[in-house]
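As C-alpha cells, the structure follows; a few thoughts come after it.
The values are calculated or read from the model by the stated rules, or taken from the named source; none is laboratory data. Keep in mind that what you see is a predicted model, and the values were worked out from it rather than measured. Methodologically, a virtual Cβ is constructed for each residue, glycine included, from the backbone with ideal geometry; neighbour enumeration extends over all protein chains shown.
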Amino acid sequence: MNKKQILAWLYEKDKKKLEQLFFAANEIRQKYVGNDIHLRGLIEISNYCSRECAYCGIHKSNNSIQRYRMTSKEIIDCARLAKKFKYGTIVMQSGEDLNIKAEWLADIIYKIKKETSLAITLSLGERSYNDFKIWKEAGADRYLLRFETTDPNLYKIIHPSKSIETIRQNENKLNINPRIFILKELRNIGYAIGTGVMVGVPGQTYDTLANDILAFKEIDIDMIGVGPYIEHPDTTLSINKININNQVENTDEMTYKTIALTRLACPESNIPSTTALSTINKKSGRKTGLLCGANIIMPNLTPLIYRSKYEIYPNKYGIDLNAEDINANVVNLIKSIGRNIGIGAGHRTKNHIHGLKQT
Ligand code: 5AD
C-alpha cells in the first residue's frame, strides 16, 4: 500500500467499492492473525490528569468532573475479574496522573502478575524513562500511547501544555512528536508498543491520516487503536471552528476505512474495534470494526462508581453497564460472527501467517 492508494481509499465513497476494501482487510486479518478475538480488560485506574490535551474530557482544568484514583485493592479485584472472565490481558489506563507513583504501581503490577499471570498493558501517558523501566521490571508487558497525529503543527495545537522534559533534554529533536520518541524508548526497554489516532480530529486532513497509517507501518507498531473523534462539551476543540480544506470526517465509515487500511498496511498487528466506534454506532460499530480488520476488543472492567467519571468523550458506550453485562455482550457478539475468543495473552506474532510459520 503506497500513499496514493491509501488516499484514494480514504476519499472513496462508493459503497460497493468499499465492500471490496473491507473484504480484503478481513481476508488479510484472517490469514495473519486468525479468527481469534483477544479480550483485554480495561481498568481506568485514575482520571487525574496534569495535561491539557485539547480533545480530551478529563484534561486538567476541567473542573466539572470529580476526580478519583482507584485503590490497589480495587485494581487487583478488577484483575481477578479479568481472570474469571478468561481474558488474557488487563490494560491499566489513566490520565497523566503524576501522583501515581512508580513504586506504588510496580507493587500492583507485581502482585497481579504473580497471582494471575495475565499479560499487563499500561496506558498512563508520558512518564519518565525510569518509571517505564520500573514497571517493565515489575512485570508489565505492553504500553499504549497514541501519537495522535504525525503532523507536527497539529500535534502542537492539540497538545498545548508541555512535552516530555523537552524531548528528554532536547538534542535538537524539538520537532519530533514526543510520543513517537517515547514509543521507541518503550520498545528499547522491552515493551510491545501500541499507538493510534483519532479519526476526524479537528485539523486532520486526508493527507495527514494517510501519513499516520504509513507511520504505523514504518515504526512497526504492535497494537494500533483507531477510533472516531467525539467532541466533548468541556473542551475548546470543535469541528465547527475548523476551517481547513480536506478535513477528515469523524464518522463510523471513515473509521472502518482507517481500520481496514491499517490492517492492510500492518497485517500482523493487533487492532481493536474501539469503544469510541461502539459509541458513535451503538448498533453495529463494534461488529463492523471486527469485520473489516480488527481482532481485539477491550471490555471495560472499571467499577461502575468510577465509570462515568472517566469521560474522555461523552456518552461513552457501556457507561451504565457493569463488567458482567459488557462481558456477556462481547461474548455474544463474537459468537454471532462465527469467531473465537482468543485464549492466552494474544501477543503480537511476527512473520507469522496463521497456521504456518514463514521462513
Ligand atoms: N474522542 C475520541 N477519542 C478520544 N480520546 C481522547 N479524547 C477523545 C475524544 N474526545 C482518545 C485519545 C487518547 C485515547 C486514550 O482516547 O486518542 O489517546
Considering the stretch 114-128, residues that are crowded, with 20+ Cβ neighbours inside 10 Å and among the β-branched types (Val, Ile, Thr), and then whichever is nearest to residue 237 (Cα to Cα), we arrive at 121
Quick one: count up the residues across the stretch 81-112 that are of a type in the set (D, E, K, R) and crowded, with 16+ Cβ neighbours inside 10 Å. 4
Within the stretch 139-160, can you find the residues that are within 16 Å of the ligand (Cβ to nearest atom) and in contact with a Ser or Thr (Cβ under 8 Å, 6 or more places away or on another chain)? 142, 143, 144, 145, 146, 147, 149, 150, 151, 154, 155, 158
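Please count how many residues of the stretch 129-181 are among the small types (Gly, Ala, Ser), modelled with pLDDT of 95 or more and surrounded by fewer than 17 Cβ atoms within 10 Å (Cβ to Cβ). Can you show your working first?
Taking the stretch 129-181 and keeping what is among the small types (Gly, Ala, Ser), we get 138-140, 161, 163.
Next cut, modelled with pLDDT of 95 or more only: 138-140.
Narrowing the set further to residues that are surrounded by fewer than 17 Cβ atoms within 10 Å (Cβ to Cβ) leaves none.
Number satisfying all stated conditions: 0.
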Quick one: which helices (runs of 4 or more DSSP H) sit completely within the stretch 229-312 and have at least 2 residues that are within 15 Å of the ligand (Cβ to nearest atom)? 252-265, 275-280, 285-291
How many residues are without any contact (Cβ under 8 Å) to a residue 12 or more places away in the chain and hydroxyl-bearing (Ser, Thr, Tyr) when one looks only at the stretch 266-307? 1
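Look through the stretch 86-106, keep the residues that are in a loop (DSSP other than H, G, I, E, B) and of a type in the set (Asp, Glu), and return whichever of them is farthest from the chain's Cα centre (by Cα). If you could, list the steps in order and put the result at the bottom.
Going through the stretch 86-106, the residues in a loop (DSSP other than H, G, I, E, B) turn out to be 86-88, 95-101.
Filter once more, keeping what is of a type in the set (Asp, Glu): 96-97.
Details: 96: 15, 97: 18 Å.
Once the filter is applied, the top-ranked residue is 97.
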Can you work out which of the residues in the stretch 27-62 that are among the acidic types (Asp, Glu) and within 15 Å of the ligand (Cβ to nearest atom) is nearest to residue 74 (Cα to Cα)? 44
Of the residues in the stretch 320-344 that are surrounded by 17 or more Cβ atoms within 10 Å (Cβ to Cβ) and assigned to a loop (DSSP other than H, G, I, E, B), the one that is modelled with the lowest pLDDT is 342
Residues (within 14 Å of the ligand (Cβ to nearest atom) and on the phi > 0 side of the Ramachandran plot) located in the stretch 199-228: 200, 203
Since residue 315 meets every condition but one in (1) within 16 Å of the ligand (Cβ to nearest atom); (2) at pLDDT 95 or above, which condition does it not meet? (2)
